[in-house]
Amino acid sequence: MKVLPYTWLTTFSLLILGTTALAQTPSGTFKKKEKDIRGSFTVKDIGGKKVLRLGSDFKTKNGPDLKIVLSPKTFAEANGKNAMVGGFVVGPLKATKGTQSYPLPAKIDLSRYKAVLVHCEKYSVLWGGADL
């Protein structure tokens, strides 16, 4: 087997691959934990600002004090008691169905978070979520 030398082309290829990985748009599909929930989400860069957008297919049950949370835990690890621990509260859920947009702070480091959750803070019930 012949080993090729490390060249400028290798460096260029690694640079392109790295840039592609960084440019990926976080997205996913919500799954049920305690309550029915479905639909998609994406994190988009709109006009230089990060926005968490729930898709037109988003739908869940109504409940008190529902929040959108970015969690450092994966969806599998998250539960009603730990959903908010170390997380970032994006804001209250605006509606139980349809497209919704939630602006994110400019300096938020999404690599610190592993899941997007819909959580009832008042009663510590995790509706559902999705891995980032």
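Ordering 50-59, 121-130 by mean Cβ neighbour count within 10 Å, with the highest value first, yields 121-130, 50-59. For the listed residue pairs Lys73/Lys97; Lys59/Lys107; Lys81/Lys122, the alpha carbons are over 22 angstrom apart in Lys73/Lys97; Lys59/Lys107. One decimal place: the segment Lys32-Glu121 gains 30.4 nm when fully extended, by the rule 0.36 nm per residue minus the C-alpha distance. With all pairs of different C-alpha atoms in the average, the Kirkwood value for the hydrodynamic radius of the stretch 54-132 is 12.6 Å.
A short reminder: the numbers here are calculations on the coordinates, not readings from a lab. Note that the structure is predicted; figures quoted are calculated from it, not measured. No Cβ is skipped: glycine too gets one built from the backbone with ideal geometry, and neighbour counts run over all protein chains shown.
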